[in-house]
Every structure is written in structure tokens, then in C-alpha cells.
Amino acid sequence: MRLSRRQLLAGGALLPRVLRGQQNRREEVTASATIRARAPCVGVVLSSSGEGYDGSAGALDTRGRWRPGLASTQPNDADLSTEFVEAWVRKAIEMAGDPYPDLFRLIAPDDWVVIKTDISCCYGLGPSVEDGGAHQPFIPGTVTDLRLVRAVINYLMEHKRGARITIVEGSQQWLPMDRSKSAVDGWTTDWGGAFDGLSYKKMVEDLSKKYPEVDFDIADLNFAESLELPVLGRPLGRLNPAGRYTIAKVIAECDKLISIAPLKTDARTGVALTFSNYLGIAPGAKYGFPKSDLLKLGSLDEVMVDLHSYHPADFSILGGSFGVEGDGPAGPGATPVHYNVLVAGPRPASVDAVAATLMGFKVEQLPYLALAENLGYGSPRLRDIWVRCSPVEQAFRPFRKPSNWGPPAPPWGGL
Amino acid sequence: MRRICRREFIISSVQAAAAVSLFGVAQGKPRVGLVQSTHKRLTKPVSPEHPLDYELVRDMVWRAIEYGQPRAGSLEAKIKPGSWVVIKPNIVFLKPQSSYRSGDITDQRVTRAVLEYVAKKSKAGRITIAEGGSYRSLSDPLNDNVVSQGGVRVDATNYDWGADEFPGAGGTLEATLREFRAAHPDKKFDYVDLSYDVVRDPSGKPLRIEVPRLNGVAAFGARSEYYVTNTIRNCDFLISVPVMKVHENCGITGCFKNYVGTGPRCVYATPGAFWNAGLHNEYAVDTRIDPFIADLAAFHPPDFNVVDGIRGLQYTEHSNERPDQMLRNNLVLAGEDPVSTDAVVARLLGFNPLDIDYLQMGAARGLGTLDMNQIDVVGDELDRLARPWIKPRAWYARCNRDWVVTGEPQSDVTTWKRHTSPGDTLYFAKALGSSAPAFAAAAKVRADGSRKGFLWLGLTGKVTVTLNGANFLEQRNTTRHRVGQIQAPIELRPGENQLLFRVETVGERPAQLSAVLIGPSNSGDSLDGTRWTT
């Protein structure tokens, strides 16, 4: 029998799994609905991840079926259309959905879903505005691509998931308009047209019209109602023995939380990814602008994992069209990287580990990943993770590291 | 009368004190034997971290059975000659299944030690090990949810545990039974897979049976008739042998929770998924599984219990792959009273027994004592061995059930109707038999002293809460009703506190309310020193 090229490649992709299976021949389990595979699944989808003609994009699922990459592709540094972004996000979600349930199966129709976006800076604000915010200039890659947020919401709506969708952020860099002297804030800026001219305010207005049966709103976590709560389980912040933080109530009360953030380097922690995104849930009204009072409670690595514990990400999406490298996570030290990649999955530490690896970092040099693993937020070891669609080697694109950042010295409970 | 000398008096006093501390004074109190591997009366005490071997485990189990002796005087005295004894361990998963990890199921050495005790010391005629796990039996023609080992299909009977999982008692269950048959030819030994042992009517159709009314208490589940198994119903003597660990839904796994394995999967499983989904779907109340746990136990309450506390799981009841999930404590418990035994399990795991809904239900049925002051723990010291196991994120204590409610919130509270919710949630329209645009509910909380904690609510509608006449909280929710969605810090004054909830209907969904007071750690445990009343 002659094999087609695709069959041959699919078989090649199967081979490592078959070999792994042979190693475990003595104890094997027939695939079943009640028996989940152990490997956390992370989807990595480049804009160039096609249907698998080159043998590198797409994935076999747990039942041995081929799930192809994108039907149409774009170069990894192309400007992407709205339609492309919608398909791209769905593909990343699909690739992350097996063996774990697809994202929509994690969410009930009457759930309150919070989308934690990253709006660390605001387009249109100059450093001279004295409104209390520590303004940094906007550069592409420092904030979440708004089209990703819209695509995730459209995906949820198509599957009739979520009765209330709240987009949240608590930036260290800008204040909401009603508290500042500025004519713009992170919710109202159109980013100079960078994201199809979208602003969050306009997005919510449009979505409310399109899906009138669902409540859409925005919550600025710096000033939204907050409460002081103990961290569940074991607090990490070494300077916070009581293990209590003040967090926005919406984070405690929502049913599901989806984190969406760009790939960024960070001069303090190496990378700023899902866990760093949780610094936004601590209100600036309590911890200051920037939120330097958080550092009185422990190292940044400890604090961001503690904050994540209040409502671990049910799903995490990283990337977009731009990230930043160098002395991030914001300007002026950071510089944009135009690289179309999405990394997605339900295990945040695994998602961050894959993203950090393709950015050129070694996971063992990122202390927060070991802390997160110990708290059960996923394995950061690549050998334990099932990366699907594009392999890490193919998606590998080293980001310039922060100039003064180096792997921290032990002991920090490394991997 | 013979006079005793000073030395004799001192010796006899010390002996009496020792006897009192070991066996308890009040014979009426239920006894729970608690033995750690460090226990001084064991033949060879070892550390709590010791991996143990079969001889050590048997010594612990037998000592715990001795300490937890039933009212009949001993376990063997309670088992009538010629009777059919069923030993029910928890073997929900086999090792190759990905949700399994050490501490998930009953230690095979504990099961074997109970088997050996009954075989050697009692006059039982038949001894059966019975379980229904989440894997199909060898005789099941379907091939989903099957486990294989070395290319051979296996189930609980022929799965070979090897030498390492339970040191000193590896191998297969069928080999163990063969060994006992050879050693005790006067007794019959067998295994029953409860997944397939459903009671059928004369036509062969599975039969649902009404929950027995014990102590005047009927079914707690959403429906009152259950599929049950012949073995559990018909055996003469049932020994529940669970592993102790936490559980996402009901808090702890112990003697009662072990009954989920008695629900026959052949009728409760859904296609392609061999677990008791039907029990959850048909019988849970307000998402809690406690009602069907308590109901299944009513069909044949345990005659004795031996709990494996050697290893257990924190965070959740099956593997979550966290490196610190499994805890080794090297404990064994035993007792006649399942409520008391589980209450001790709860305390060992850092739970308040009163928070466990199925224990309240078991006590209401007259199956045992939940008051820790009325339980004699014999052997090792409970307070020394109790430790705060990390609780599941979703855990919350039993919510308040007793309310006074009205559809006219402006009316005098003394005119409001008394209502007891069957579950955690108060459905206003159901409670009053009519709908209204706004409702109100009130309850009192007695606090032993000034108490700080959290008020957790589940809400559908818009609520205004007053505490002792002062506005406390206003909140609105139109999304999923979830206990603990709303968490508000609360401070109660000593004595009586009144909580009043005015709930308005918002949109189409009927008004609902759940309320529970949670302790300062906010981990889902109830606030110590408080009691709800009406």
C-alpha cells in the first residue's frame, strides 16, 4: 500500500506516542471518557500554521484523528485581518481542547465570565499628564490585542456560553477618565487604530447590541469594589504571613476567568505572561500607582502567584500580533516584536512555560513557574506538556532579554 | 473485707485510670479506635512516615478494632455464626487509570487485615469483598472504560498491584481470596462486583426500591427510590472499609461516602462513561451529593467500620498531579457507629463534623452520634493527630436550612412562615407556595462570643441584608447560583444576632438564597462558635 505524504507525516507524528506507549506496555488504559490523559495540552498556533502540508502544523488528537492547522495562513510578521484573527483564536482554542474539554465546555450558559485583559499602558497619554498614573508611552505589544478579546467573546457567544461577560483590568499606568484630568483612558482609547479601531468601550457597546440577552460590562479593578481575603491554601508572600491581600470583588465573585495577555519580557521577573497579568487584580487604590506596595508583601514572583490563587485562570491565551522584548514590560526600555503567535490552554503554568520557551527563556530560570507548579497550576516541564499544532522548535523566536535580568540564585525551589 | 496496702491501692488506681483512658468510662458512648503506627502498644511501633509492611498494618488494624469494639463486646461477637459478612473497600480506580494516585483507594493491606480478622476470629460462613469501581468487569461485553495490564484486560479481581504500591500485600485480589479459601476451608470467600449486582424484578428488569424509613426519616435525595445491589441488601453483616481523604463536593470521604460504590454502575453510568453519573443527575440536591450518600447507606447501614488513614489525598479526591497532594499519616480507625467514626475522620482532616451534610443526615436517621463530646476516641489522641488538610476550592459547609420566610417583606417578622429547606438553597416561591416580586427570610445566629468571619451567599435576584437591624450588604446576581459567590466579612456580637435577607426577583429567574457563615480562614469551613436558629 502506498501512503500519501499526509498519511506518512501523520504516521511520523504518531511514532513518538507509539514508542512512549511501548515503554508503558505493561500498564495501559484504553482511551475512555472517564479516563483523562495526564499531559496538559497547550495549543501553539502561528499565523503560518497551515493544514500540515509541511508536516509541522496540526495535531493528532487522543483518538488518533488529525486536527489540521489554519485553513489559510499568513506570514508570521503579516498584518492580520479581523477575519483571520477570529479563525486564528478559534484554532488556538481547539488545539488546547484535547484531551481536556474545549473551552466552551468549561463554561456554563449562565456563568459570569471575566476576561482579564492586559491594558498596562494607554495610547494617547503623555508622560506629562499629572493625574496620578505613572504613564509610559504605548508601544505595540505592551497591551492585549483587542481583537483577541473580541474573538474569544464571539466564540463564547456562538456556543451560548456565559450570561454576563466582564472585561477587567487594573493598570499601574493610567487612571480611568472619571478620576483623571485626561480625555482618554485604557477603556476609551482607540489605540490609534491599531486594533481595527476598537476600544473596549466600543467593543462592549457593539457586543451588547449584537447579543442583547447577555450582560457585557467593564470593570476597572483599581477602583471597583474590593475586599481583603485570605489566600486559599498556602500563601507564598514571605512578608505577608497573614496571607491576606485586597483584591477586586469581581475576581472573587465571577464563575470563570479567562486571561488574555501579550508575550512580554519583564526586567523583574524575566517574562510577563499569565501570572503577571494577575497583578492587575490588586487595586491601585490600595497598593498605589505603580503598585509598589505589593512588594512589601513578598517578591514579585510570590505575589503574582498568590494573586492568581484567588481565582486561577480557567483558560489562558498568550500572544497576538505583537509582543515586547528587552527591558519590558513597558516602554521606554521595551521594544516591539512583530510576531504572530498564540499560545493557549487551561493550565496556566504550562501555557506560560511554553510561551517563555518559545521566547528563548529557560523555564528553570523563572522561579514563579516552580511556585505555580507546586500550587497545582500545571507542569512547566516541556516533557510533561503536549504542545499541539506547531512544535515549540518551529515557533521558537528568541526575545531580547532584559539587560539587567539574570536567573535568580537558589534557593527558590527550582524545577 | 480485705484491707489493701498503699502500694496495692496505688497500683490498682493507676490500672483503673489506664483502663478508663483506654476504653472510656461511659459504656453508652460510641467508641472509635484510633491507632497510629507510633502507638506504643503495637508490637513494633514505627514512625508516621514509615512505608509499613503487612504485619505492621495488621497489628494497627486489629488494635484499632479492639479499641473500637462494638457494644456486643467485640467485632467477632457481633458477627453471628454462619452469617454472610461483606467487606466493602474503596477501589474506585486501578493504578493504570490516570485519576489514580497512591492514597486514592483503600490500602489493600487494610482490607486484607480486616479479612484475616473476620476469617480467623469470627464464625462467619461466607466472607465477600464487594466493590463497584470505575472500570468494567472482565465479563462485561462492552470495551469502553476497560483497563488492561501487560496486554491483558483486568478488573479489581486480577489487577496485579505489584510489590511496591502496598508493600507486603501486593499481587491480585483473587490470589488473596484463593489463599484464604485454602487456609479456611470452612468458610466461603468471594468477590462481588457491585457495578453489576443490581436488584431486579421477576422479569429481570432493574428495580428501584424506596429508601427505608429509619428513625422516621425518609429519603433525602431528589427522588426516593434507588437502584441498589443484592449483596448490600441481603448480607448479614457489612463492614465499610474506606480510605480517608477530602472530597470536592461533600468535604470528606469516609464510611458513608464509601456507599457511592454500592450504586450499581450498570444502571447509573451513562454510555461511554463508567461512573455513577445517574446518581449525581437524579438524586443530588442543590448540587450536593450528600443526600444520595446518606440514602444509599440507609439500605444497609454499616455494622462496623475500619478506616484506612495510612495515606490520603488533600485538595481533591482523585489525582490532581500536585506533588504535595498525598499525605501519609499511618493511621487506622475503627468503630461500630458510622456517624461517630466519620466525625473523627472529619476532625483528623481538619473539618468540623457538623459541616458535613451527610453526617447530619445520618445522625437524623439514628445511625450514630455526631456530638464529639459524646464520642470516646480510644487509643491515640485525636487532637495530636488532627491536621489541617488542604480543602478543595469548591468546598463549603452545610448552609443554613431553617428560616422564617414571607412574600410580604414589610410585614412583622413574627408572622412569617417557618420553613426548613431540604438543601442548601431556599427557593422562596416553593417555600411559600406562591410567587411574589419580593421575599424576605430571616434567621438568628447565636455566637458564643464576638466572632469574625465571612458571610457566604448564593443568590439569584437582588438582596439587601441587614445584620442586627443595620444595613450590611446589597448585591445583585443574575448569573449562575453558586454558594460562596458573594463573600462578605462579618462580625457577630456575642449572643443572638439577627440576619434578615430581603430578596427581589430580577428578570425571569425565581428568587433563591443560600447562606452560610464561614470562618476567618475563608476556606469553606463554618465559623466556630456560632449556631443558626430561628
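Which condition number in (1) touching a residue at least 12 places away in the same chain (Cβ under 8 Å); (2) away from every other protein chain (no Cβ under 14 Å); (3) not β-branched (Val, Ile, Thr) is the one that residue B:200 fails?
Of (1) touching a residue at least 12 places away in the same chain (Cβ under 8 Å); (2) away from every other protein chain (no Cβ under 14 Å); (3) not β-branched (Val, Ile, Thr), only one is false for residue B:200: (1).
Just to verify a result, which residue in the range B:87-102, among those that are surrounded by 23 or more Cβ atoms within 10 Å (Cβ to Cβ) and more than 14 Å from chain A (Cβ to nearest Cβ), is nearest to residue B:163 (Cα to Cα)?
Checking each candidate, the answer is B:91.
Listed here are the residues, each with its yes/no results for (1) modelled with pLDDT under 95; (2) small (Gly, Ala, Ser); (3) under 19 Å from residue B:245 (Cβ atoms); (4) part of a loop (DSSP other than H, G, I, E, B).
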| residue | (1), (2), (3), (4) |
| --- | --- |
| B:344 | no, no, yes, no |
| B:363 | no, yes, no, no |
| B:378 | no, no, no, no |
| B:400 | no, no, no, yes |
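For every residue, the table says whether it meets (1) surrounded by fewer than 14 Cβ atoms within 10 Å (Cβ to Cβ); (2) more than 14 Å from chain A (Cβ to nearest Cβ); (3) modelled with pLDDT of 95 or more.
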| residue | (1), (2), (3) |
| --- | --- |
| B:459 | no, no, yes |
| B:465 | no, yes, yes |
| B:485 | no, no, yes |
| B:496 | yes, yes, yes |
| B:501 | no, yes, yes |
| B:512 | no, no, yes |
| B:516 | no, yes, yes |
| B:521 | no, no, no |
| B:526 | no, yes, yes |
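Condition first: assigned to a helix (DSSP H, G or I) and within 14 Å of chain A (Cβ to nearest Cβ). Can you find one or more residues in the range B:280-299 that meet it?
Among the residues of the range B:280-299, at least one is assigned to a helix (DSSP H, G or I) and within 14 Å of chain A (Cβ to nearest Cβ), which makes the answer yes.
Exactly one of these conditions fails for residue A:289: (1) in a loop (DSSP other than H, G, I, E, B); (2) closer than 17 Å to residue A:397 by Cα. Give me its number.
(2)
Take the conditions in contact (Cβ under 8 Å) with a residue 60 or more places away in the chain and either surrounded by fewer than 18 Cβ atoms within 10 Å (Cβ to Cβ) or under 22 Å from residue B:336 (Cβ atoms) (or both) and apply them to residue B:213. Does it pass?
no
Each row is one residue, and each column tells you yes or no for (1) in a helix (DSSP H, G or I); (2) of a type outside the set (Ser, Thr, Tyr); (3) touching a Ser or Thr at 6+ places or on another chain (Cβ under 9 Å); (4) closer than 15 Å to residue A:313 by Cα.
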site	(1), (2), (3), (4)
A:73	no, no, yes, no
A:80	no, yes, yes, no
A:86	yes, yes, no, no
A:91	yes, yes, yes, no
A:94	yes, yes, no, no
A:98	no, yes, yes, no
A:104	yes, yes, no, yes
A:109	no, yes, no, no
A:115	no, yes, yes, yes
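Taking the range A:354-368 as the search range and keeping residues that are in contact (Cβ under 8 Å) with a residue 60 or more places away in the chain and not in a loop (DSSP other than H, G, I, E, B), which one is surrounded by the fewest Cβ atoms within 10 Å (Cβ to Cβ)?
A:365
In the range B:307-322, is there at least one residue being among the aromatic types (Phe, Trp, Tyr) and not in a loop (DSSP other than H, G, I, E, B)?
No: the range B:307-322 contains no residue that is among the aromatic types (Phe, Trp, Tyr) and not in a loop (DSSP other than H, G, I, E, B).
Testing residue B:246 on (1) under 20 Å from the mean Cα position of the chain (by Cα); (2) within 14 Å of chain A (Cβ to nearest Cβ); (3) surrounded by fewer than 23 Cβ atoms within 10 Å (Cβ to Cβ), one condition comes back false. Which one is that?
The one condition residue B:246 does not meet is (3).
Would you please name the residue that is nearest to the other protein chains (Cβ to nearest Cβ), looking only at residues in the range A:220-232 that are free of Cβ contacts under 8 Å to residues at least 60 places away in the same chain and not in a loop (DSSP other than H, G, I, E, B)?
Checking each candidate, the answer is A:230.
Could we say that residue B:320 is within 14 Å of another protein chain (Cβ to nearest Cβ), surrounded by fewer than 20 Cβ atoms within 10 Å (Cβ to Cβ) and of a type in the set (S, T, N, Q) here?
yes
Scanning the range A:55-92 for residues that are surrounded by 16 or more Cβ atoms within 10 Å (Cβ to Cβ) and of a type in the set (Lys, Arg), which turns out farthest from the chain's Cα centre (by Cα)?
Ranking the candidates gives A:67 first.
Give, as residue ranges, the helices (runs of 4 or more DSSP H) completely inside the range B:1-116 that count at least 1 residues that are among the basic types (Lys, Arg) and modelled with pLDDT under 95.
By residue number, B:6-23.
Could you list, in sequence order, all residues of the range B:119-162 that are touching a residue at least 60 places away in the same chain (Cβ under 8 Å), assigned to a loop (DSSP other than H, G, I, E, B) and either loosely packed, with under 15 Cβ neighbours inside 10 Å or hydroxyl-bearing (Ser, Thr, Tyr) (or both)?
B:134, B:135, B:159, listed by residue number.
Against the conditions (1) over 27 Å from residue B:315 (Cα atoms); (2) within 29 Å of the chain's Cα centre (by Cα); (3) among the hydroxyl-bearing types (Ser, Thr, Tyr), where does residue B:134 fall short? Just the number, please.
(1)
The values are calculated or read from the model by the stated rules, or taken from the named source; none is laboratory data. Model, not experiment: these values are computed from the prediction. Every residue, glycine among them, receives a Cβ derived from its backbone with ideal geometry; neighbour counts consider all protein chains shown.
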